[in-house]
Amino acid sequence: MTTYQYKPLRQNEIRLLYATDTSRREWRFEHQELDAGAVFYATSYVWGPYHTDSLRGICIEGNHVGVGENARRFLQCLEPFDYRIPIWMDSICINQADVVEKSYQISLMGAIYSQAAKVIVFLGDPRPENGEDADEIATLDLEEVLKSMRGMNSGGENSHLQFGRGLPVTLIKSQVKICAVLTHDWWTRLWTMQEYVLAAIPVFLFGTTVIEDAALREYVDHYERLNLAELESLMSPNHWRVIKMVHNKDLDPMHFHEIDARGALPSLQLLKANLCRGSSDQSELIKADVQVLTSTFYRNATVAADKILGLTGLLQQFRAAVPKVPVTSHKEVFRSIARSLLTNTVGTENLALLHYVDTCEQLDDTPSWVPNFHSRLRISVLSPYNQSESFLYKSSDKTAIVQQLPTSEIRLLGFVIDRVEKCVDKDTFTWNYSTPPGMHYSCAAQLEFELACRNLSADVADRNASNREALEQAVLRYHCTLVAGSRLKGTSYVLWEPSMKTYRAWMRRMETLAGYEGFDWLNNSRNPHVSIDKSRFTGQRGRDLAKGEGLDGLAAHETGGEPEEFHQRFYEVCKGRTFFSTVKGGLGLGPSRTKRGDFVVIFHGGRTPFVIRKSQSSCPDGQTYRIVGEAYVHGFMDGEVYNAAAFNRPRERWFEIA
């Protein structure tokens, strides 16, 4: 069979692939004007290995066209769809050997996926190649699973979060099948983002099983509502833990964050809802673009520059800021986007991108104000652009004032509000609920971290609290700092001041989990790790406050309500961060890299304070600083610095950020 010779495409023209009959063994091409209203299905899948010597190929108009293994299996699974409707598959419908055509067709992909009648997302084919009866994993009845989940409760005596309570058999048996759908590589790839977000009607294909987008979203909603991730880690691996996380060994199933469908799908839905197609409000366009850019953190791309280039179809306000292909390096792309956002004259959220500079992988020779989009960093829980519908923190309600200097520095206007005095030196990155001992080790590690935070807070209270009322306020301030003063309600974060009762119930809950079967998971011994009866707070005032308030019922596994919310929020805001005290007696949470002597500042236009550090270099105008990252500082999250009396207000000044 001879190799197919592609015919050239004209301007704004695409190739559509038609099956000649229901067997889909032979195909033919037709050229169509993209805006001519043709009905077609676009495909979205992971290309996978594409080696010429191993291609099996397909037959198009009697000629051979090489395709990758995943594309070939995809075409074999299209049985549920009308064969008379053509499809568009990038690896086949674009002449991969023609660089000019390939570049132009990639620029049309946003329009292609927007105009497709459906976008079919292929999540693999579990059926054996030899044609024998497929394993039962190939058949997935998601509706039966949803029926089971709809009848489950998330609170009260009948809660399925109660320790050791059994689960519906249907749910347990189906989980291994659902796992193959939820943990497919498709959820981690960057190029697939725009393919789903731009789709009018996305549908998922698992083998020959069609899964509607609404059904999969309902499953994810129930999964979060029932907190099944935590329940998985509490039960025996033989009874539940059939999920094998293959994408990230450090995966934390309590907060999936773009790792698999349970985190990626809500994020994609939020992105889809916030796209402002046709909007003339430039502020809204900027906000949408920031959400697009920050959603790339947990996405994989073979080429680093693709972390942004792959999203060109989703960008609106900043599309012109993306350097043209080929670019010198991915750092050039990141720097160009960051500069465009920080120095734009539209809107008031120029500094939003600074919430993403505290990455786990720093970029060498790159300004500290440029995020590393290639780093796998969680979505910030303090950012103005998290899933909250409205701004929660308003450290500054002024418009950002940013000056671009001739060098790689920028200049920001703001205040120094304090300096870091002490930090808790504990590793919070390794908290992990997914790998044995999982829950127990993680809860013990959290208790150890909390004890160190409590002692540091008590030291501050002993120095500054002059009476019982002041001490009680210090305790409340401590509880608020542990959860960044907020909790998630529905789809929005709301302000929250946790009570001592909530804190105690959370401690009982954590102690039960950390000391399960009397085993100390941190020290690999049979001795209890922390006895919460020993010390509530160090210092005489703390002991006086706690006197007579014994904590009973350590065996009770308290779930639901505010203790559960405290657990969730403490975990998400403290993981990967450190707890610190300030010279003026303040408490805060900051990046793990925070050190003694760092400055805590509020920039005009910043929704939260930031931690900055003196740079070793200097500029002609004086000292330069490097951004360490965002921070929560209790008492400075709602414009208090601007409301202070003039004689108590810090001096306004410029900061040169290197």
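When Phe373 is tested against the conditions (1) surrounded by 15 or more Cβ atoms within 10 Å (Cβ to Cβ); (2) at pLDDT 70 or above; (3) outside any helix (DSSP H, G or I), the lone failure is (2).
In segment 472-494, the residue that is least open to solvent (accessible area, probe 1.4 Å) out of those that are under 17 Å from Gly561 (Cβ atoms) and part of a loop (DSSP other than H, G, I, E, B) is Val483. Taking residues in segment 190-207 that are at positive phi, and partners anywhere that are surrounded by fewer than 22 Cβ atoms within 10 Å (Cβ to Cβ) and outside any loop (DSSP other than H, G, I, E, B), the pairs with Cβ atoms closer than 8 Å and at least 6 places apart or on different chains are Gly207/Ala138. Annotation note: Cβ proximity below 8 Å between a residue of segment 68-80 that is closer than 17 Å to Ile94 by Cβ and a residue that is assigned to a helix (DSSP H, G or I) (sequence gap 6+ or interchain) occurs for Gly68/Ser91; Ala71/Ser91; Ala71/Ile92.
Conditions tested, residue by residue: (1) charged (D, E, K, R); (2) on the phi > 0 side of the Ramachandran plot; (3) under 35 Å from the mean Cα position of the chain (by Cα).
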{"site": "Thr20", "(1), (2), (3)": "no, no, no"}
{"site": "Glu30", "(1), (2), (3)": "yes, no, no"}
{"site": "Trp47", "(1), (2), (3)": "no, no, yes"}
{"site": "Gly62", "(1), (2), (3)": "no, yes, no"}
{"site": "Phe74", "(1), (2), (3)": "no, no, yes"}
{"site": "Tyr104", "(1), (2), (3)": "no, no, yes"}
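Whenever a residue of segment 139-159 is at pLDDT 75 or above, its partners that are assigned to a strand (DSSP E or B), lying with C-beta atoms within less than 8 angstrom and at least six residues away or across chains, give the pairs Leu142/Ile211.
Are any residues in segment 180-193 closer than 25 Å to Gly313 by Cβ and open to solvent by less than 10 Å² (accessible area, probe 1.4 Å), and if so, which ones?
First, the residues of segment 180-193 that are closer than 25 Å to Gly313 by Cβ: 184-193.
Those that are closer than 25 Å to Gly313 by Cβ and open to solvent by less than 10 Å² (accessible area, probe 1.4 Å): Trp186, Trp187, Thr188, Leu190, Thr192, Met193.
The condition of being acidic (Asp, Glu) and surrounded by 15 or more Cβ atoms within 10 Å (Cβ to Cβ) holds for only one of Glu497, Glu421, Glu469, that being Glu421.
Annotation: of all residues in segment 424-454 being under 30 Å from Arg613 (Cα atoms) and open to solvent by 50 Å² or more (accessible area, probe 1.4 Å), the one that is modelled with the lowest pLDDT is Thr430.
Only one of the numbered conditions (1) at pLDDT 65 or above; (2) outside any helix (DSSP H, G or I); (3) over 14 Å from Leu142 (Cα atoms) is not met by His239, and that is (1). Residues of segment 377-406 that are open to solvent by 20 Å² or more (accessible area, probe 1.4 Å), part of a loop (DSSP other than H, G, I, E, B) and modelled with pLDDT of 70 or more: Leu392, Lys394, Asp397, Lys398, Thr399, Ile401, Leu405, Pro406.
Applying the selection to segment 7-26, what residues are touching a residue at least 40 places away in the same chain (Cβ under 8 Å) and not in a loop (DSSP other than H, G, I, E, B)? Talk me through it step by step, then tell me what you get.
Going through segment 7-26, the residues touching a residue at least 40 places away in the same chain (Cβ under 8 Å) turn out to be 8-9, 12, 14-19, 21-22, 24.
Hits for segment 7-26 are Ile14, Arg15, Leu16, Leu17, Tyr18, Ala19.
Taking Arg504, is it modelled with pLDDT of 85 or more, closer than 23 Å to Trp431 by Cα, in a helix (DSSP H, G or I) and open to solvent by 30 Å² or more (accessible area, probe 1.4 Å)? Judged against the criteria, Arg504 is a match. Candidates in segment 571-592 are the residues that are touching a Gly at 6+ places or on another chain (Cβ under 7 Å) and outside any strand (DSSP E or B); of these, the one that is least open to solvent (accessible area, probe 1.4 Å) is Gly586. Just one of (1) over 16 Å from Asp213 (Cα atoms); (2) at pLDDT 70 or above fails for Asp135. It is (2).
Name the single residue that is farthest from Asn274 (Cα to Cα) among those in segment 160-204 being at pLDDT 65 or above and among the small types (Gly, Ala, Ser). That would be Ser174. Total residues in segment 266-279 satisfying the condition of being modelled with pLDDT under 70 and either closer than 24 Å to Val370 by Cα or surrounded by fewer than 17 Cβ atoms within 10 Å (Cβ to Cβ) (or both): the figure is 3. Glu13 fulfils the conditions (1) at pLDDT 90 or above; (2) under 26 Å from Asp185 (Cβ atoms) except for a single criterion, (2).
The values are calculated or read from the model by the stated rules, or taken from the named source; none is laboratory data. Since we're looking at a predicted model, the values are computed, not measured. Methodologically, a virtual Cβ is constructed for each residue, glycine included, from the backbone with ideal geometry; neighbour enumeration extends over all protein chains shown. Just so you know, the surface numbers come from the protein's heavy atoms only, side chains and all, with ligands and any DNA or RNA stripped out. Shrake-Rupley method; radii C 1.70, N 1.55, O 1.52, S 1.80 Å.
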